[in-house]
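The values are calculated or read from the model by the stated rules, or taken from the named source; none is laboratory data. Everything numeric in this text was worked out from a predicted model, so none of it was measured. All Cβ positions, glycine included, derive from the backbone under ideal geometry; neighbour counts span all protein chains shown. Side chains included, ligands, DNA and RNA excluded: accessible areas come from the protein's heavy atoms. Shrake-Rupley method; radii C 1.70, N 1.55, O 1.52, S 1.80 Å.
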Amino acid sequence: SKGLPEFPESPPPGLVTGQQLKAVLLHEIGHGLERHVEASMLRSSLIGLTGLLLIGDVSYLSLAAVSVSTAVLERSFSREQEIEADAYATRYFLARAEDPLVLAEALQNLSVPGETDTGGWLSTHPSTEERARLIQESTL
């Protein structure tokens, strides 16, 4: 009979184990429970509207300026949301006496080799290193 596919214990780069997949799914569930998508849509709309009201002009140039400002501000909130979603998955594992570090391992496995992962101000996610550190600190 056909069942779920088996995941290797040590996956090649870009793939995850069953426990790591569970951690990633819990991270995504955290986004849903925290209503991050709804919050992002509302926040972007409010930031954009406020910017247009402050500028008082709806020309293409002012719309572009507001759009860029909104995108930069939204990325900061997005990084915070990623940390919140990581924290949800971490709490889930800790509450069940399971190892939350599998999330940090999954993040490492899913990182693209050679890609810059600085978590800078234009990034939508904190760096993998920062996320792993925060997960590790929460287990102490």
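Show the residue pairs meeting these rules: Cβ distance below 6 Å; 6+ apart or different chains; first residue within region 34-48 and at negative phi; second residue of a type in the set (D, E, K, R) and modelled with pLDDT of 75 or more.
If the second residue must be of a type in the set (D, E, K, R) and modelled with pLDDT of 75 or more, the pairs left are 34/84.
Assess whether residue 16 counts as being modelled with pLDDT under 70 and either farther than 19 Å from residue 138 by Cα or in a helix (DSSP H, G or I) (or both). Spell out how you get there, then give the answer.
Details: modelled with pLDDT under 70: no; either farther than 19 Å from residue 138 by Cα or in a helix (DSSP H, G or I) (or both): yes.
So residue 16 fails the test.
Out of curiosity, is residue 93 open to solvent by less than 40 Å² (accessible area, probe 1.4 Å) and either under 21 Å from the mean Cα position of the chain (by Cα) or modelled with pLDDT under 70 (or both)?
Against the criterion (open to solvent by less than 40 Å² (accessible area, probe 1.4 Å) and either under 21 Å from the mean Cα position of the chain (by Cα) or modelled with pLDDT under 70 (or both)), residue 93 qualifies.
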